[in-house]
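This report concerns only the one structure given below.
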Amino acid sequence: MELFFNPFDSLVCILLGISFTVWFTLLLVFIIVPAIFGVSFGIRRLYMKSLLKVFEWATLRMERGAKENNHPLYKPYSNAIIAKHPTSLEEEIKEIRRSGSNRDLDSAPEFEMSDIFYFARRGVESIMDDEVTKRFSAEELESWNLLTRSNYNFHYISLRLTVLWGLGLLIRYGILLPLRVTLAFTGVGLLVFLTSFIGLLPNGRMKSILSEKVHLMCNRICVRALTAIITYHDSENKPKNGGICVANHTSPIDVIILASDGCYAMVGQIHGGLMGIIQRSMVKACPHIWFERSEVKDRHLVANRLSDHAQDKSKLPILIFPEGTCINNTSVMMFKKGSFEIGGTVYPVAIKYDPRFGDAFWNSSKFGMVNYLLRMMSSWAIVCSVWYLPPMSREEGEDAVQFANRVKAAIARQGGLVDLLWDGGLKRGKVKDTFKEEQQKLYSKMLVGTQEDRSRS
Amino acid sequence: MGSWQARPEQQQQQQQQQEQERWHYEELAHKSGFSTEQIKNLHKRFRQLSGNKETISRANLDSIPALANNPLKKQIIDAFFDKRNQWQDDEVGSLEEIGLEHFLMVMSHFRPPAHKSGEEERQAARRQKLRFLFNMHDTDGDGIITLAEYRKVVEELLSKSGAIGHQTAKAIADAAMLEVASINAPHMAPDDFYEGITFEHFQQILKGLEMESRMHIRFLDVDTTTMRCGKAPS
């Protein structure tokens, strides 16, 4: 009996051994080595192009099939044509006037020729894109969503679609997911190991250079682990030492995306478990700012530590998500004004995810971190754009809230569709639906009100 | 089912149609400066507004709910049908209905300046935007905004709401006009009649205004096939 099985066994062993070796060599050559050196073969781009082609072809067939059979199709998600400015009437008119006239800003706003810009633009925007007609606009296929996103609300549309969906599922969970998980483990493992090793070195230039390289390398591996296809714009505005980098926050992946293009000092709360191990080893190599849970509540302590770090020009720029970092999930209030009171130059960054390839938003009440990461890793790809905006500093006579608003507006403008949720604690109530109000009333009240002020003074 | 093999004649016809459309879009892209993807989106919107017909009439634009709140509604709609906004300097008058090309030409006034455009191009774009606004004021097309025309615009903006009375609106318009006159024709004797604001004067008043970002609309163009891994070339 044993004799019968032995040669078979050894054959299987040999085959397994060979395939493992091949697998790891491929992995190393095509993914890890480029990550170390920061170059790219362009494989991901090719992958994305071919994916798009396949989806388009598939959805066209579906569309045709459905039309012939008169299946009802509705599109829950449709492309907007333009991105609308989220500012109110007063703000915009003030901005227009500020840029136009050289007069004293405090003088009462009177009617000016430039006011007409605002209304003209709004009018044309309404012609191009308004909420009511959009809902009934041309349909997009549900099948596109089904193929591109790993959504859980599958329902039967046609046999062909189900087959494709099943195939997609198989590829994603059977091939891509294990690959990505391997990469992720490699990346994280390397990070922990190498940073602890570097921590043993004496402080000096060598240490900081090495830690930079290590951080970059491991983040790049993690980026490939998620198959994130990122485009960086305006790299000349990248944050410099001693500054504060401020970005909009949509998912925990934001950190990895930014950190794979530059070195930052991160801010957050220390966790237990795996996360804690990573945090503790990272701080050995490079001065990140981690807070104990108890310290987080103390606003002054936080502010002090951050400003100490920012003032040291040799230290890396601080990375802050003013809405509240995802890593520690503390209250959003904590960093809101705080990050803008520290002083120093602020480098805003806008991150925008392409919604066609999957939903990157983390609903932290629904999914835990691990669940979320699994979802991300089993989707086709994550496509996003990063814009580095020119640096801003607080102007004379501007308080932290106004400064925060200014930065928020700049990021929102650049990012377009990204909806910033920064308005929670602000004392100013958001002007709701200014366009339901009669524009004329608002505008004329503005003029009349100030004329009264003038006659009083 | 059986739709895996679409009939060959249908396929050919569809292909031809697509080819024609693509060629048409490219031509329009060249004229208006939008990308073909943006034109596709705008064409969809055009069809929505026109009710799937080939042209849009004033009634179609009138019925947009969001526009109802805008005090300059009439002027904006007129601007779409104004021949002067078609980038051909000599034509005056207005059209009854507009096709896709006219629609796009008007929209192109609101395009942001191209990222790396030269100084001349920027100036030309700025001039075009100012011209658009000038045409909005100058309703009779004679190239001068008279006091009466200006008053009309101010009234539209202000008086109908009732917060500012008719007289006040008139006073505001007069004051603004006076100011324009004093900037542009400072040596007028008190009896001289200031005819009105010419386009050059208009440009002069709004000289310092940073309008490139005020008068533009962000057209979305998420064309991911042009995105690349790594850094984009600057």
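None of the figures in this text is laboratory data; all of them are computed from the coordinates on show. Remember, predicted model here, so these are calculated numbers, not experimental data. Glycine also receives a Cβ, built like all others from the backbone with ideal geometry; neighbour counts cover every protein chain displayed.
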Two pseudo-spin positions, 7 Å from Cα along C-beta at B:TRP23 and at A:LEU200, lie apart in nanometres by 7.3 nm
Plugging the Cβ-Cβ distance of A:LEU177 and B:GLN167 into 1/(1 + (r/R0)^6) at R0 = 51 Å yields, to the nearest 0.05, a FRET efficiency of 0.10
Protection proxy (average C-beta count within 10 Å per residue), highest first, orders A:310-321, A:242-253, A:170-181 as A:242-253, A:310-321, A:170-181
On the formula 1/(1 + (r/R0)^6), with r taken between the Cβ atoms of A:LEU26 and A:VAL163 and R0 of 25 Å, the FRET efficiency rounded to 0.05 is 0.30
Here, A:GLU236 and A:GLU292, labelled 7 Å along Cα→Cβ, have an inter-label distance in nm of 4.7 nm
Output row, site B:GLU97, 7 Å Cα→C-beta label point, backbone N cut-off 14 Å, window the range B:53-82, residues B:53-61
By the Cα gyration tensor axes a ≥ b ≥ c (a/c under 1.5 gives rounded; else a/b larger than b/c gives prolate, otherwise oblate), the shape of the range A:178-259 is oblate
Once both label points are put 7 Å beyond Cα along the C-beta direction, the A:VAL54-A:GLU212 separation in nm becomes 4.0 nm
If R0 = 60 Å, then A:ASN6 and B:GLN15, at their Cβ-Cβ distance, give a FRET efficiency to the nearest 0.05 of 0.45
